[in-house]
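The values are calculated or read from the model by the stated rules, or taken from the named source; none is laboratory data. All figures in this text were calculated on a predicted structure; none of them were measured in a lab. Virtual Cβ from ideal backbone geometry, glycine too; neighbours counted across all protein chains shown.
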Amino acid sequence: MSLAHTVLQDAFGYEHFRGSQQAIVEHVIGGGDALVLMPTGGGKSLCYQIPAIVRQQQDQGTTIVISPLIALMQDQVSSMHEVGVEAAFLNSTLDYDQTRDVEMQLLSGGYTLLYVAPERLNTPRFLGLLDELHAMGKLALFAIDEAHCVSQWGHDFRPEYRELTVLHERYAGVPRIALTATADALTRADIVERLQLEDARQFISSFDRPNIRYTIVEKKDATTQLLRFIEHEHDGEAGVVYCQSRRKVEELADALNQAGISALPYHAGLPPEVRQLHQNRFLREESIVMVATIAFGMGINKPDVRFVAHVDMPKNIESYYQETGRGGRDGLPADAWMAYGLQDVVNQRRMIDESPADDTFKQVMRGKLDALLALAEATDCRRVRLLAYFGEQYGTGGDRDSAHPELAAAAAGKAPRYQCGSCDNCIHPPKTWDGTDAARKLLSTIYRAHEASDITFGTSHIIDIVRGKDTDKVRQFGHDKLSTYGLGDMYSESQLRGVLRQLLAVGALATQKVHTEAGYSFETLTLCDGSRAVLRGEQAVQLREASAAKTSRSRVRNN
Ligand code: ADP
Ligand code: ZN
């Protein structure tokens, strides 16, 4: 049995390595650099903990773990102590004397693992310590956790991570292992470049979470839809509901409580002690629903979260994957449920447009948003699309290893699967209808109304014109004289909303902010380059049929 395997069994009490753990561990023990991409819960920690233990046994000294999660360092150190491994952390929670003690211990070789925050690492004082260890040949390994923090395309950019090139430059012979649970191709390339990991072997695990069922529904009344979802599917179970704003968090938590569901709010506007209390209750009790902004999440490790719901759309697929990935860590079935609507598209676009970032950055963010919108509008398997975004073909296994192209080729040779059987679109394949004609009518109405009145209009008014409604506003602007007036009276309002939503999602329509004299502002619709192909009839628009069955059922219930 290999040394690594002995440590796995004796120290950690596990029988077998999982996935590519063994290959990673052996590569790193042998002194190689590695980039590890593994989904949350995949077992990344062992990938550096076991090499740390083995290299310490081989008299090569201490492993330095760089982690941004200060709040979790204590837990990580305690869990090392539990398995009999000497470990400590250095961060801003320690006072002067405690820091001194840790530093002394470090220099005397007392630790197998030392956890540090990135901002601490690049200080003269800490580099001085590393220099001393290095001179003694006692720097065993650098482990860079949450490596996506180095990339501004990731969801959690930390500028200090950029400084981590010092490790490579100053301590060239010391092996490095970088680990992350999120990485699309762009972020991955950025990690390699920024951390100078060009020569590192890449270990890319499958990102599939087979026990998570994906569902994305059209948003009508999000609160009612969410209530129904929880009552029907997850009565008395723990879950997380993500909202965009603090106000919405409060409102929704109230609504759930009134409906008899134990819900707690969590957002950055609550006092720290309240947040702590709510987090503790969520972790300890069995059936709390946490209604939260994205302030709630990083490092939450509750295994039996049975659902993660989004009542507002996140900003990209990485965030969606990361947030939904907090469900079902115990391997049992869990739901990822999202309600998504036209307003979400408009809001997310506006947040990008109004952000202070430069144009290149905004362009990348728009591209990422579009990928998520395409996932939401998809009428085929969500899992296939989700994995494709991370460069993975569903059904081919997913484990990829840059040093074994023959394995990758074998995986690639496996026939990909086009259906997972456990997402909404696979379970109930949606009926689609051809929205191309409706799309052309909407787009030419937007064009003509703008031309006739010299201002742009919002969704409701455009839909009114196309459906031939007789409203004050239509008469006021003389829009009943437009040649497209009433041409779409065969479509329902919700059908036309669906068409507009998809046109926005595929970039065939844009929005523009308009300020009124009274100080209000609202979003209006305007054509863009992408509109042309649809107008000319060169691009078809396929839409999911409105779920008529569901609407009639809810009507029956409400009456
Ligand atoms: P990650 O950091 O990738 O999210 P962790 O390192 O926290 O995941 O591991 C997730 C869980 O899986 C932990 O409870 C860990 O102890 C367990 N685990 C990891 N590797 C193995 C293994 N080879 N056998 C059994 N359990 C494992
Ligand atoms: Zn599917």
Output for Cβ contacts, cut-off 8 Å, separation at least six or different chains, first residue within 16 Å of ligand 1 (Cβ to nearest atom) in region 210-235, second in a helix (DSSP H, G or I) and β-branched (Val, Ile, Thr), reads Ile212/Thr324
Among (1) closer than 26 Å to Ala378 by Cα; (2) among the acidic types (Asp, Glu); (3) in a loop (DSSP other than H, G, I, E, B), Asp489 falls short only on (1)
Considering only helices (runs of 4 or more DSSP H) wholly within region 1-110, the ones with at least 3 residues that are within 22 Å of Ala147 (Cα to Cα) are 21-29, 45-57, 70-82
Log entry, pairs with first residue in region 52-78 being farther than 21 Å from Ala181 by Cα, second being charged (D, E, K, R) and assigned to a loop (DSSP other than H, G, I, E, B), beta carbons closer than 6 Å, six or more apart or on different chains, reads Gly61/Lys138
Pairs returned, first residue in region 6-18 that is of a type in the set (Lys, Arg), second residue that is more than 16 Å from ligand 2 (Cβ to nearest atom), beta-carbon separation under 8 angstrom, 6 or more apart or interchain, are Arg18/Gly42; Arg18/Gly43
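Matching residues to (1) within 19 Å of the chain's Cα centre (by Cα); (2) away from ligand 2 (no atom under 16 Å from the Cβ); (3) polar (S, T, N, Q); (4) modelled with pLDDT of 95 or more:
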residue: Val174; (1), (2), (3), (4): no, yes, no, yes
residue: Ile177; (1), (2), (3), (4): no, yes, no, yes
residue: Thr180; (1), (2), (3), (4): yes, yes, yes, no
residue: Arg188; (1), (2), (3), (4): yes, yes, no, no
residue: Phe203; (1), (2), (3), (4): no, yes, no, no
residue: Ile230; (1), (2), (3), (4): no, yes, no, yes
residue: Ala255; (1), (2), (3), (4): no, yes, no, yes
residue: Ile261; (1), (2), (3), (4): no, yes, no, yes
residue: Pro265; (1), (2), (3), (4): no, yes, no, yes
Checking Asp464, Asp470 in turn, the sole residue that is over 16 Å from Thr526 (Cβ atoms), outside any helix (DSSP H, G or I) and at pLDDT 95 or above turns out to be Asp470
Within region 28-43, restricting to residues that are modelled with pLDDT of 95 or more and out of contact with any Phe, Trp or Tyr (no Cβ under 8 Å at 6 or more places or on another chain), the one that is nearest to Ala178 (Cα to Cα) is Asp33
The strands (runs of 3 or more DSSP E) lying wholly within region 246-317 that contain at least 1 residues that are without any contact (Cβ under 8 Å) to a residue 60 or more places away in the chain and buried (at least 21 other Cβ atoms within 10 Å of the Cβ) are 263-266, 289-292
Those residues of region 419-433 that are assigned to a loop (DSSP other than H, G, I, E, B) and near ligand 2 (Cβ under 9 Å from one of its atoms) come to a total of 4
When every residue in region 170-185 that is in contact (Cβ under 8 Å) with a residue 24 or more places away in the chain and surrounded by fewer than 17 Cβ atoms within 10 Å (Cβ to Cβ) is compared, the one farthest from Gly61 (Cα to Cα) is Ala185
Going through (1) assigned to a helix (DSSP H, G or I); (2) surrounded by 19 or more Cβ atoms within 10 Å (Cβ to Cβ) one by one, Tyr115 fails only at (1)
